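A short write-up of the structure that comes next.
The values are calculated or read from the model by the stated rules, or taken from the named source; none is laboratory data. Quick caveat: nothing in here was measured; it's all calculated off a predicted structure. Heads up, the Cβs are rebuilt from the backbone with ideal geometry, glycines too, and the neighbour counts pull from every protein chain shown. The protein model used for the area step is the full one, side chains on, heavy atoms only, and it has no ligands, DNA or RNA in it. Shrake-Rupley method; radii C 1.70, N 1.55, O 1.52, S 1.80 Å.
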Amino acid sequence: MRGSGLLADRFGRVATDLRVSLTDRCNLRCTYCMPEEGLAWMPREQQLSDEEVGRLIRIAVERLGVTEVRFTGGEPLIRRGLVGIVAAAAALRPRPKLSITTNGIGLERLAGPLRDAGLGRVNVSLDTLSPARFEQLTHRDRHADVLKGLAGAAAAGLTPVKINTVLMRGINDDEAPGLLRFALDHGYQLRFIEQMPLDAQHRWERREMVTAAAILEALEPFGLQADPVSRGTAPAETWLVPGYLDAAGNPARVGVIGSVTRPFCGDCDRTRLTADGQVRNCLFATGETDLRGLVRGNASDDEIADAWRAAMWGKRAGHGIDDPSFLQPSRPMSAIGG
Ligand code: SAM
Ligand code: SF4
């Protein structure tokens, strides 16, 4: 209920999973995310400082019932204060689960310091096993760095290491079986994500999208089996891959996040904070609530918590991508935080 301690909405959902974008900048240019020339980055003074972001995470954990914090971006590993921000979040009580979504560049070096700061897990984005295709897809020759980042994360114990893959028709949609074999061989857990209308170029087209159904069809040779473990609020539907174990010795799994064709909005437990201090109650929200203004205007923790609760109370029932009136949010994915 509005006014109570938690981040509840009118449909009975309660947000406990906070996604914090630490920067809108990135060292790659994935075609489904941003144009080759990059974007007009957020001016530095608009970005929350390390202390400001730390304060908002503290309010979320101590007053609003947030139990998980995932750092994202843009590319979170290029945020200078990252290790300190993670350490500050790990010192909160009750201690939140901490994870990061990254393109993996620089993770080889940072995995140890991040683990020591209190990070629990990583998701690394990888869309192809081919260095040439990687360059075509991201406009950067950094494939080897991503593979080293994955290995570094596993060596540091940031497990289970998950891989996020977006397939695009005619570009990498032939790689589903190869990527799964690669993940199984290395003990990583692969999750395919349907491409969403969140690219800065507004080029997304539904008929071009590789659907969850098409991905599962491509994985038929693996004889996937229904996962007996409930999905809970996780966006990924998971399947067991017979004959394989993960790094911890459990049955290996593969996930498919059907954000567009199999939406999970009814179970959504997310709240999002952008690098410039705006709360978004949904990836696809068209409105935002400005917490930076409150932070810089000397608002109390109570006032900030109230504004955050009000922002979540207004969350819509679903993203409505299939609705004829659907409007792509004006912020691209890289500026919201995926
Ligand atoms: N730079 C980091 C990375 O790539 O992992 C974190 C930010 S990125 C925006 C977070 C995730 O969103 C990545 O797994 C990326 O593949 C995914 N993503 C970006 N644009 C997308 C889109 N249009 N549809 C679906 N997923 C997308
Ligand atoms: Fe950068 Fe991640 Fe967007 Fe790729 S998906 S351009 S790595 S923010």
Quiz item: Roughly speaking, what is the centre-to-centre gap between region 204-224 and region 132-146 when only Cα atoms are used, to the nearest Å?
Solution: 23
Quiz item: Taking the Cα-to-Cβ direction at ALA132 and at ALA91 and moving 7 Å from each Cα, how far apart do the two end points lie in nm?
Solution: 5.1
Quiz prompt | Note, ³J(HN,Hα) from phi for region 154-160, Karplus 6.51, -1.76, 1.60, rounded to Hz, x at Gly and Pro | solution = 5, 5, 7, x, 7, 10, x
Quiz item: If you rank ARG79, ARG44 by how much accessible surface each has, with a 1.4 Å probe, what is the order from largest down?
Solution: ARG44, ARG79
Self-check item: Accessible area per residue, Å², region 281-338 with all protein chains present, probe 1.4 Å
Solution: 46
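Pairs of Cα atoms under 8 Å, at least six residues apart: use those to get the relative contact order of the chain, whole percent.
22
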Exercise. Leaving ligands, DNA and RNA out of it, work out the accessible area of ASP185 with a 1.4 Å probe and give it in Å² to the nearest 10.
Key: 110
Quiz item: Given HIS319, HIS143, PRO197, which one lies farthest toward the positive end of the charge dipole of the chain, if we put +1 on the Cβ of every Lys and Arg and -1 on the Cβ of every Asp and Glu?
Solution: HIS319
Quiz item: If you place +1 on the Cβ of every Lys and Arg and -1 on the Cβ of every Asp and Glu, how big does the dipole about the Cα centre of region 2-336 come out, in debye to the nearest 20?
Solution: 660
Practice problem: Search the structure for amide H atoms under 5 Å from the amide H of GLY73, placed 1.01 Å from N in the peptide plane, and list their residues when 5 or more places away or on another chain. | Solution: LEU22, GLY338
Quiz item: What does the charge add up to near ALA154, with Lys and Arg as +1, Asp and Glu as -1, over the other residues with Cβ less than 14 Å from its Cβ?
Solution: +1
Quiz prompt | Inter-label distance, nm, simple model (7 Å from Cα along the C-beta direction), ASN250/ARG44 | solution = 4.3
Self-check item: For region 267-284, 3J(HN,Hα) per residue [Karplus equation, 6.51 cos²θ - 1.76 cosθ + 1.60, θ = phi - 60°, Hz, x = Gly/Pro]
Solution: 10, 5, 10, 9, 9, 10, 10, 7, 5, 9, x, 9, 8, 10, 8, 7, 3, 9
Quiz item: So for the chain, taking the charge dipole from beta-carbon charges (+1 Lys/Arg, -1 Asp/Glu), which of ALA226, TYR32, GLY277 sits furthest toward the positive end?
Solution: GLY277
Quiz prompt | Around CYS30: net Lys/Arg minus Asp/Glu count, Cβ-Cβ under 11 Å | solution = -2
Practice problem: Kindly identify the chain as rounded, prolate or oblate by the Cα gyration tensor criterion: order the square roots of the eigenvalues as a ≥ b ≥ c, call it rounded if a/c is under 1.5, otherwise compare a/b with b/c, prolate if a/b is larger, else oblate. | Solution: rounded
Practice problem: Among ASN172, LEU291, GLY74, pick out the residue whose Cα is farthest towards the positive end of the charge dipole of region 2-336, where Lys and Arg carry +1 and Asp and Glu carry -1 on C-beta, about the Cα centre. | Solution: LEU291
Self-check item: Accessible surface of the chain [probe 1.4 Å, protein heavy atoms]: carbon and sulfur percent
Solution: 50
Self-check item: region 21-82, accessible area per residue, ligands and nucleic acids excluded (1.4 Å, Å²)
Solution: 40
